[in-house]
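One structure is given below, encoded as structure tokens.
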Amino acid sequence: MRATAHQVYVVMYTVTADLLARKSNAAAASGEEIATNNHCSTQVSLAMKVSFTVNDQCHTLELDTRTTLLDALREHLNLTGSKKGCDHGQCGACTVILDGRRLNACLTLAVMHEGARVTTIEGLGSPNAMHPMQAAFVRHDSYQCGYCTPGQICSAVAVIDEIRAGIPSHVTADLTAETEATSIEFRERMSGNICRCGAYSNIEEAIAELVGSSP
Ligand code: FES
Ligand code: FES
């Protein structure tokens, strides 16, 4: 089938934009001179070293300071389990656990986390030695395409820790009472993790099983 002129244009535009972005990133990371439109040149050095522990392994990276934690994990450490869904903090596909708290890795810069401990889906378990939450997701059929699943699982693991630590949510009625592991709490706390396949009720069942409550 012949490509239309529009399709050719889209492909050329995409490739060119990608090449320009890579060149710019490489130049910025190495402190190279970048020519500007008005024929001046500017010496820039946007690279910075950062060391953190990811899945119990220490890493020191020299990164463009604008690199998000998600890109550092995916592009520099080859940990592609954390997914880039929206890159704008709206879908939760990039959720990782940082120093015991979940966060959207696309919304934070890697160089902000010197000395941090990061756990990604790869650090929670493996196909032969699954984390209990991963196993519960399998038992309850809590995914379809699986794209959101790493973020869902990291989030769910942290949700249980939040409830056990007595951290209230928006729907916690009594702030002085012990936080309960209820269906409404799971739904509220997991509301930042979007699943386009609509596996929500199965995800809730998996979490409920792990905390021993009925959904
Ligand atoms: S990719 Fe981070 S919230 Fe969507
Ligand atoms: S399983 Fe497909 S987006 Fe959630």
* **Residue pairs meeting the criteria (Cβ under 7 Å; at least 6 apart or on separate chains; first on the phi > 0 side of the Ramachandran plot, in region 62-86; second assigned to a helix (DSSP H, G or I) and basic (Lys, Arg))** => none
* Is there any pair linking a residue in region 49-61 that is touching a residue at least 24 places away in the same chain (Cβ under 8 Å) to one that is surrounded by 12 or more Cβ atoms within 10 Å (Cβ to Cβ) and of a type in the set (S, T, N, Q), with Cβ under 8 Å and at least six apart or on different chains, and which? -> Val54/Thr119; Val54/Thr120; Asn55/Thr119; Asn55/Thr120; Leu61/Ser51
* Among what's in region 112-150 and is among the hydrophobic types (A, V, I, L, M, F, W, C) and within 16 Å of the chain's Cα centre (by Cα), pick the residue that is nearest to ligand 2 (Cβ to nearest atom). => Cys148
* Structure fact -> Residue pairs qualifying under the 7 Å Cβ cut-off, at least six apart or on distinct chains, with the first in region 170-193 being within 16 Å of ligand 1 (Cβ to nearest atom) and the second being hydrophobic (A, V, I, L, M, F, W, C), are Arg189/Val159; Met190/Ala156; Met190/Val159; Met190/Ile203; Asn193/Cys148
* Mind counting the residues in region 137-165 that are closer than 14 Å to Val211 by Cα and surrounded by fewer than 13 Cβ atoms within 10 Å (Cβ to Cβ)? => 2
* Residue that is nearest to Ile121 (Cα to Cα) [pool: residues in region 56-79 that are hydroxyl-bearing (Ser, Thr, Tyr) and surrounded by 14 or more Cβ atoms within 10 Å (Cβ to Cβ)] -> Thr68
* To do: Consider Cys91 carefully, then state whether it is more than 28 Å from Ala47 (Cα to Cα), outside the structural domain of Ala206 (by TED's automatic domain parsing), surrounded by 14 or more Cβ atoms within 10 Å (Cβ to Cβ) and within 16 Å of ligand 2 (Cβ to nearest atom).
  => yes
* Quick one: would you say Gln134 is free of Cβ contacts under 8 Å to residues at least 24 places away in the same chain, surrounded by 20 or more Cβ atoms within 10 Å (Cβ to Cβ) and closer than 19 Å to Lys83 by Cα? -> yes
* For Thr68, are the conditions met, namely being within 16 Å of ligand 1 (Cβ to nearest atom) and either under 30 Å from Ala177 (Cβ atoms) or outside the structural domain of Glu178 (by TED's automatic domain parsing) (or both)? -> yes
* Selection within region 84-125 - near ligand 1 (Cβ under 7 Å from one of its atoms) and part of a loop (DSSP other than H, G, I, E, B) -> Lys84, Gly85, Cys86, Asp87, His88, Gly89, Gln90, Cys91, Gly92, Ala93, Cys94
* Asked: What number of residues within region 187-210 satisfy the criterion of being under 20 Å from Met130 (Cβ atoms) and among the aromatic types (Phe, Trp, Tyr)?
  -> 0
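The values are calculated or read from the model by the stated rules, or taken from the named source; none is laboratory data. As the structure is a computational prediction, the values presented were derived from the model and not from experiment. All Cβ positions, glycine included, derive from the backbone under ideal geometry; neighbour counts span all protein chains shown.
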